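Colleague: This is the structure I have questions about; it appears just below.
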Amino acid sequence: MAEMDTSGGGHKKGPGVKKGKKLSTRIDLTPMVDLGFLLITFFMYTTTLAKPKTMEINMPYKDPNDKVEPNKIKESVALTVLLSKNHRVYYYEGMASDPTKPPDLKATTFAAKNGIRDEIIAKKKMVDDLKRAGTLTAKDEMTVLIKPDTTSSYGDMVNMLDEMNINDIKVYAIIDITDVDQNFIKETEVANGVK
């Protein structure tokens, strides 16, 4: 048992000094040691709970010997999102595979109202309506092509991935932005007077 003795000692005896009764004060430190170990255990356990969590992205395996062409995305199910500087988000329907015909590029933000989320929801509803009408098959899923510009921020990319989770978008791809897409952004910014 751990204890600490705090009894007094070394008093001078002199004439007229009454000798008092010495009381021994003992402090039992055993509960303090137990408390220390409990605190250490508690803090070790809670720090393991506070580890940062990352989003898992499963990348498909591409067999170099496989000559099968990947599934082609239909223009009617594709939504292309271009992430630009100053948290600007540009989007258009389809993939703009023909550079001579520029798409109808629209600008938005990550705002809760009238932001990119509203556009994703509208596109998802349109794809579901086309499935119900029989124009698309059940295998055709809405596909979002995310193309971050070199001037976009890492936070914008994380926000866009969050939008994919929030809106339950099963098929999306992160693709390098093309020179054609960058020209689309520049032309739209010049037309709108954005610097």
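The values are calculated or read from the model by the stated rules, or taken from the named source; none is laboratory data. Only a predicted model underlies this, so the values are computations on that prediction, with no experimental measurement involved. With ideal geometry, Cβ positions are generated from the backbone for all residues, glycine too; neighbour counts draw on all protein chains shown.
Colleague: Take the residues in the stretch 107-152 that are within 19 Å of residue 184 (Cα to Cα) and at pLDDT below 90; name whichever of them is surrounded by the most Cβ atoms within 10 Å (Cβ to Cβ).
Modeller: Restricting to residues being within 19 Å of residue 184 (Cα to Cα) and at pLDDT below 90, the top hit is 152.
Colleague: Let me ask something else. Restricting to the stretch 145-190, what's the tally of residues that are of a type in the set (Lys, Arg) and farther than 23 Å from residue 72 by Cα? Working first, answer last.
Modeller: Step one: list which residues in the stretch 145-190 are of a type in the set (Lys, Arg), which gives 147, 170, 186.
Checking the rest, the ones that are also farther than 23 Å from residue 72 by Cα come to 186.
So the count comes out to 1.
Colleague: If only one of 123, 101, 147, 113 is touching a residue at least 24 places away in the same chain (Cβ under 8 Å), among the charged types (D, E, K, R) and not in a helix (DSSP H, G or I), which one is it? Let's see the steps before the verdict.
Modeller: Details: 123 fails: not in a helix (DSSP H, G or I); 101 fails: touching a residue at least 24 places away in the same chain (Cβ under 8 Å); 113 fails: touching a residue at least 24 places away in the same chain (Cβ under 8 Å).
The conditions single out 147.
Colleague: A further question follows. Got a sec? Which of 85, 51 is modelled with pLDDT under 85, under 24 Å from residue 161 (Cβ atoms) and under 21 Å from the mean Cα position of the chain (by Cα)? Quick ask: steps written out before the conclusion?
Modeller: Working: 85 fails: modelled with pLDDT under 85.
Answer to the selection: 51.
Colleague: Scanning the stretch 71-98 for residues that are assigned to a loop (DSSP other than H, G, I, E, B) and of a type in the set (Gly, Ala, Ser), which turns out surrounded by the fewest Cβ atoms within 10 Å (Cβ to Cβ)? Steps first, answer last, please.
Modeller: Here is the first cut: in the stretch 71-98, the residues assigned to a loop (DSSP other than H, G, I, E, B) are 71-74, 84, 88, 94-98.
Cutting the leftovers down to of a type in the set (Gly, Ala, Ser) gives us 84, 94, 96-97.
Numbers: 84: 25, 94: 18, 96: 20, 97: 11.
Checked the stretch 71-98; the qualifying residue surrounded by the fewest Cβ atoms within 10 Å (Cβ to Cβ) is 97.
Colleague: When you go through (1) in a loop (DSSP other than H, G, I, E, B); (2) modelled with pLDDT of 70 or more one by one for residue 12, which number turns out not to apply?
Modeller: Status for residue 12: all satisfied but (2).
Colleague: Filter the stretch 153-169 down to residues that are touching a residue at least 12 places away in the same chain (Cβ under 8 Å) and assigned to a loop (DSSP other than H, G, I, E, B) and give me whichever is surrounded by the most Cβ atoms within 10 Å (Cβ to Cβ).
Modeller: 169
Colleague: Looking for something under 22 Å from the mean Cα position of the chain (by Cα) and closer than 15 Å to residue 87 by Cβ - is there at least one such residue anywhere in the stretch 174-190?
Modeller: If we filter the stretch 174-190 for residues that are under 22 Å from the mean Cα position of the chain (by Cα), which is where we start, we get 174-177.
Subsequent filtering for residues that are closer than 15 Å to residue 87 by Cβ retains none.
No, the stretch 174-190 has no match at all.
Colleague: A further question follows. Sort out which residues of the stretch 170-183 are over 24 Å from residue 113 (Cβ atoms) and assigned to a strand (DSSP E or B), and write them in order of number. So that I can check it myself, show each step before the final result.
Modeller: Of the residues in the stretch 170-183, the ones over 24 Å from residue 113 (Cβ atoms) are 170-171, 173-183.
The answer is 171, 173, 174.
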